[in-house]
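Report on one structure; see the data block that follows.
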Amino acid sequence: MKKFLVLVILVALVATSAFADPNYSGSLNVYGLIGDGTVNFVVNGIEYGRVDLKNNATVQSDGVGVQIGSWTMTATNQVLNAGYTVTYTYSQLAKVDDGVNLLAYEILEIDEVPDPDTSTVKATAATTALTMAAGLNTITRKVAFRLTAAGEAAVALAPPSDAYNSTVTIALSSN
């Protein structure tokens, strides 16, 4: 019986050592990437007829302005507080090839997110600072124009013409 008991103990020791943890180990690497994200900036003009600069109340210096377009910035995978700047550049309304009858106007940037909408006057070279939240950001603004007080006075003295033009450039840059 002693032999049998010793044999059982010996078999138990051999069996447990066969299933014991191995004496070696390995390691694995984990690789990750967070991309820079994408930024998309689109300026959209809207079609409209020539604005009557003398008789249209919305384009006068105390008017709400005539909408000429909008811009939208979509930025993905942004770092918290990343900064961008939108810059408006334009010159006075003028007839083609006429540097005499210049009509001053201003751009209105309209933010529809708060209620009611807020309008901010943007003179040429004026900027709008944008600060990103982490992740996805979509920001849209409408753009309108109206005469300044000086432009309104110049309109009263300017000769009739349907050829008063100006171009507004809206550019996005990162800080």
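The values are calculated or read from the model by the stated rules, or taken from the named source; none is laboratory data. The shown structure was predicted, so the numbers you read here are calculated from the model rather than taken from an experiment. Note: ideal-geometry Cβ built from the backbone for every residue, glycine included; neighbour counts use all protein chains shown. Heads up: the accessible areas ignore ligands, DNA and RNA and are worked out on the full protein's heavy atoms, side chains in. Shrake-Rupley method; radii C 1.70, N 1.55, O 1.52, S 1.80 Å.
Of the trypsin sites (Lys or Arg not before Pro) found in the stretch 22-118, those that fall in a DSSP loop while having at most 14 other beta-carbon atoms within 10 Å are 50, 54. Per-peptide packing, taken as the mean over residues of other Cβ atoms within 10 Å, places 103-113, 76-86 in the sequence 103-113, 76-86 from highest down.
Could you grab the relative contact order for the chain? Cα pairs under 8 Å, six or more apart, rounded to a whole percent. Could you put the intermediate results ahead of the total?
On the way: 306 pairs, mean separation 50.2, N = 175.
Answer for the chain is 29 percent.
Partners of residue 142 within straight-line reach, counting aspartates and glutamates whose Cα lies under 12 Å from its Cα and excluding those fewer than 8 residues away in the same chain: 109, 111, 112, 117. In this rough spin-label picture, where each label sits 7 Å from Cα along the Cβ direction, the residue 153-residue 28 distance is 7.7 nm.
Excluding ligands, DNA and RNA, the accessible surface per residue across the chain is 67 Å² with a 1.4 Å probe. Extending 7 Å from Cα along the Cβ direction at residue 54 and again at residue 140 yields two label points whose distance is 3.8 nm.
Counting every pair of alpha carbons in the chain, the share spaced more than 29 Å apart comes to 47 percent.
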